[in-house]
Amino acid sequence: MSWDWFIYFAVLSVVLWTAGSWNAFKGSQSKACVFTIAGLLVFGTFIGLLWASLERPPLRTMGETRLWYSFFLPLAGLITYIRWKYKWILGFSTMLSVVFICVNILKPEIHNKALMPALQSPWFAPHVIIYMFAYAMLGASALMGIYLLFVKKTGCDNKEMALCDNLVYVGLSFMTLGMLTGALWAKEAWGHYWSWDPKETWAAVTWFSYLTYIHIRIGMQDRRKTSLYILLLSFVFLQMCWWGINYLPSAQGSSIHTYNMN
């Protein structure tokens with residue numbers, strides 16, 4: 001499967017996800033789910049074919065990880081829609097997915113079969129896939145936070161805050177699992193579980209930030225705006241952990257996690 005085929009799979013997926021979002025707004029849950037799942041199957045098919053073509057998981061470069069994020073965002077939106085019936089979440093998750101798809105179309109990165117020794121580990125695929133799903137769930141919580149803080153005119157109710165809480169619970173749980181698998185991978189590849197590498201440091205900052213949100217929600221439930229601002233700040237930290245670290249001078253030449261820039 002050539003990367004040149006990506007645009008065709010992506011456009012068809014976005015059309016199907018958009019149809020799903022439209023049907024969600026119209027109140028047709030069954031059609032919304034069918035169209036969204038169909039789009040996920042199309043996009044997932046491309047990832048599977050690319051995986052077979054590269055003879056390795058497409059998870060090395062930033063462009064490849066954006067593939068998974070573009071896939072998991074509508075999936076997170078679908079799970080949220082089915083569970084909590086928010087009509088707008090499919091539209092929001094689709095729009096955010098389109099942003100990452102457009103970045104991949106306009107700035108494709110190198111996709112080849114080469115895989116450095118550190119990435120030739122059985123922990124490689126589960127670690128990154130778990131993280132991408134966690135990022136998608138936490139991305140959905142950030143969308144909800146933006147909606148409640150800057151879009152919705154009236155105050156947020158208990159149901160809406162519970163949605164943010166549940167998305168963070170799921171996202172942070174998967175992030176924790178991703179950190180644990182990453183530690184096992186690091187022990188196998190470099191001989192130690194944790195080294196306070198710049199990326200690991202930002203991962204810890206992100207993890208503690210989301211944990212702070214959870215503690216505020218449990219201990220100070222009336223401080224809703226404060227908790228939502230911490231939720232958005234945590235998402236900024238998450239972006240630094242994911243891709244921002246690659247552009248920090250402190251990581252150049254010292255971080256063992258900047259191989260995805262090559």
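The values are calculated or read from the model by the stated rules, or taken from the named source; none is laboratory data. Computed from a predicted structure; not experimentally measured. Because the Cβ atoms are built from the backbone with ideal geometry, glycine has one as well, and the counts that use them run over all protein chains shown. SASA here: full protein model, heavy atoms, side chains in, ligands and nucleic acids out. Shrake-Rupley method; radii C 1.70, N 1.55, O 1.52, S 1.80 Å.
Which residue pairs have Cβ atoms closer than 8 Å, lie 6 or more positions apart in sequence or on different chains, and pair a first residue in region 41-52 that is over 13 Å from residue 5 (Cα atoms) with a second residue that is in a helix (DSSP H, G or I)?
Within 8 Å, the pairs are 44/71.
Restricting the search to region 131-169, which residues are surrounded by 20 or more Cβ atoms within 10 Å (Cβ to Cβ) and more than 22 Å from residue 220 (Cβ to Cβ)?
Correct list: 131, 132, 133, 134, 135, 136, 137, 139, 140, 143.
For region 199-215, what are the residues that are open to solvent by 20 Å² or more (accessible area, probe 1.4 Å) and more than 15 Å from residue 244 (Cβ to Cβ)?
Initially, region 199-215 is screened for residues open to solvent by 20 Å² or more (accessible area, probe 1.4 Å), giving 199, 201-202, 205, 207-208, 211-212, 214-215.
Hits for region 199-215 are 207, 208, 211, 212, 214, 215.
Mind listing just one residue for me: the one in region 50-69 that is touching a Ser or Thr at 6+ places or on another chain (Cβ under 8 Å) and assigned to a helix (DSSP H, G or I) and, of those, surrounded by the most Cβ atoms within 10 Å (Cβ to Cβ)?
Quick first cut of region 50-69, residues touching a Ser or Thr at 6+ places or on another chain (Cβ under 8 Å) only: 53, 59, 69.
Imposing the further condition that a residue be assigned to a helix (DSSP H, G or I) reduces the set to 53, 69.
Values: 53: 15, 69: 23.
Filtering first and then ranking leaves 69.
Please determine, by comparing only the residues of region 140-192 that are among the basic types (Lys, Arg) and without any contact (Cβ under 8 Å) to a residue 12 or more places away in the chain, which one is nearest to residue 84 (Cα to Cα). Before the answer, list the steps.
As a first pass, look at region 140-192 and keep what is among the basic types (Lys, Arg): 152-153, 159, 187.
Now drop any that are not without any contact (Cβ under 8 Å) to a residue 12 or more places away in the chain, which leaves 152-153, 187.
On the way: 152: 18, 153: 21, 187: 40 Å.
Once the filter is applied, the top-ranked residue is 152.
Being small (Gly, Ala, Ser) and surrounded by 14 or more Cβ atoms within 10 Å (Cβ to Cβ) is the requirement here; does residue 191 meet it? Even if it seems obvious, please write down each step before you answer.
Details: small (Gly, Ala, Ser): yes; surrounded by 14 or more Cβ atoms within 10 Å (Cβ to Cβ): no.
So residue 191 does not fit the description; no.
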